[in-house]
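> Sharing a structure, written as structure tokens. Questions coming.
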Amino acid sequence: MLIKNAETMINQVLKQVPAPVARYFDHVLAAKQKRISRVYLKHSGYFRPSANSKWLKIKGSQYFSATEPGFRWTGRTFWFRAIDQFKDGRGSLRVWLLSIIPIVNDSGYHVDHAELMRWLAESVWFPTSLLPSEQLRWEAVDANRSRLSLASNGLNIYLMVSFNEKGEITQMETERYKEKDKLEKWTGIVSDYKEIEGMKIPNHIEAVWSLDSGDFKYADFYVDKIEYKYCT
């Protein structure tokens with residue numbers, strides 16, 4: 001498991017992690033925090049497949065494992081249905097035009113890497129998964145940034161995480177596979193924190209590729225519903 005009992009770890013963690021990370025956990029976790037085991041999330045928002053595409057309305061639902069990396073996301077627009085997932089250390093992406101005609105069926109190391117990165121970035125919705133462990137580490141950068149790294153199933157990824165004065169995570173930057181053989185700069189922007197079951201989590205998340213041709217924001221999502229199950 002990535003973490004032990006969260007409630008007994010908090011005070012110890014606050015003494016060991018870099019200052020902005022301690023500020024984050026102190027701000028977002030509940031007073032008697034239990035470790036999250038599973039998450040169900042529904043979202044709405046907008047998506048576009050390319051920089052030249054128009055924004056499409058999208059609705060999605062997602063199941064997360066919070067004790068080990070794993071998720072299954074289903075997204076629907078008028079034109080397509082997509083299933084994005086990470087399970088047992090392997091990622092996959094499938095897309096159907098008009099929910100019928102298969103147009104994408106992608107897997108391999110680049111997808112494994114990208115989907116694990118997605119799980120780590122989206123852990124802001126279930127923050128006990130960001131507590132340090134043997135596999136997950138926080139390293140000091142400066143007063144408002146820390147480097148978060150995760151080793152899992154032979155994959156090694158990182159996020160450069162920025163925090164505001166409240167202790168909220170505001171931005172995450174990394175290099176992520178957009179295509180099979182090329183890493184690109186990727187940024188996740190989170191905002192509009194809400195209190196849910198004693199925790200504070202972002203209600204709004206945006207995703208941006210920084211390409212040679214310029215910045216390309218492709219996702220702009222809002223949380224409509226989130227439910228938690230906790231370890232016993």
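The values are calculated or read from the model by the stated rules, or taken from the named source; none is laboratory data. Note that the structure is a prediction, hence the values are computed from the model and not measured. So basically every Cβ, Gly included, is an ideal-geometry build from the backbone, and we count neighbours across all protein chains shown. These accessible areas exclude ligands, DNA and RNA; they are computed on the full protein's heavy atoms, side chains included. Shrake-Rupley method; radii C 1.70, N 1.55, O 1.52, S 1.80 Å.
> What is the number of the single condition among (1) open to solvent by 80 Å² or more (accessible area, probe 1.4 Å); (2) farther than 15 Å from residue 123 by Cβ that residue 38 does not meet?
(2)
> Please go through (1) touching a Ser or Thr at 6+ places or on another chain (Cβ under 7 Å); (2) open to solvent by 10 Å² or more (accessible area, probe 1.4 Å) for residue 149 and return the number of the only condition it doesn't satisfy.
The failed condition is (1).
> What do you reckon, is residue 53 small (Gly, Ala, Ser) and touching a strand residue (DSSP E or B) at 6+ places or on another chain (Cβ under 6 Å)?
Spelling it out, it is not the case that residue 53 is small (Gly, Ala, Ser) and touching a strand residue (DSSP E or B) at 6+ places or on another chain (Cβ under 6 Å).
> Report every pair of residues separated by at least 6 positions or lying on different chains whose Cβ atoms are under 9 Å apart, first residue within region 111-127 and within 24 Å of residue 193 (Cα to Cα), second open to solvent by 10 Å² or more (accessible area, probe 1.4 Å) and in a helix (DSSP H, G or I).
Close Cβ pairs (under 9 Å, with a partner that is open to solvent by 10 Å² or more (accessible area, probe 1.4 Å) and in a helix (DSSP H, G or I)) do not exist here.
> Right, something else. Among the residues of region 152-182, which ones are under 16 Å from residue 110 (Cβ atoms), in contact with a strand residue (DSSP E or B) (Cβ under 9 Å, 6 or more places away or on another chain) and open to solvent by 70 Å² or more (accessible area, probe 1.4 Å)?
Across region 152-182, the qualifying residues are 153, 156, 175, 178, 180.
> When the residues of region 86-128 are narrowed to those that are in contact with a strand residue (DSSP E or B) (Cβ under 7 Å, 6 or more places away or on another chain) and of a type in the set (Ser, Thr, Tyr), which ends up least open to solvent (accessible area, probe 1.4 Å)?
Per the stated criteria, the residue is 128.
> Right, here's the next one. Quick one: which strands (runs of 3 or more DSSP E) lie wholly within region 118-227 and hold at least 3 residues that are within 24 Å of residue 49 (Cα to Cα) and at pLDDT 95 or above?
Here the list reads 169-179, 182-196, 199-211.
> Would you check which residues across region 94-110 are in a helix (DSSP H, G or I) and touching an Asp or Glu at 6+ places or on another chain (Cβ under 9 Å) and list them?
Selection gives 110 alone.
> Follow-up question, since we're still on this one. Right, residue 134: within 24 Å of residue 17 (Cα to Cα) and acidic (Asp, Glu) or not?
Yes.
> Further question: For the list (1) in a helix (DSSP H, G or I); (2) touching a Phe, Trp or Tyr at 6+ places or on another chain (Cβ under 8 Å); (3) farther than 30 Å from residue 211 by Cα; (4) at pLDDT 95 or above, I need the number of the one condition that residue 27 fails.
Failed condition: (2).
> Condition first: under 16 Å from residue 197 (Cβ atoms), among the aliphatic types (A, V, I, L, M) and buried (at least 21 other Cβ atoms within 10 Å of the Cβ). Now tell me which residues in region 12-35 satisfy that.
28, 29
> Further question: Return the total of residues in region 45-71 being surrounded by 17 or more Cβ atoms within 10 Å (Cβ to Cβ) and assigned to a strand (DSSP E or B).
10
> Within region 97-140, work out how many residues are acidic (Asp, Glu) and more than 13 Å from the chain's Cα centre (by Cα).
Number satisfying all stated conditions: 4.
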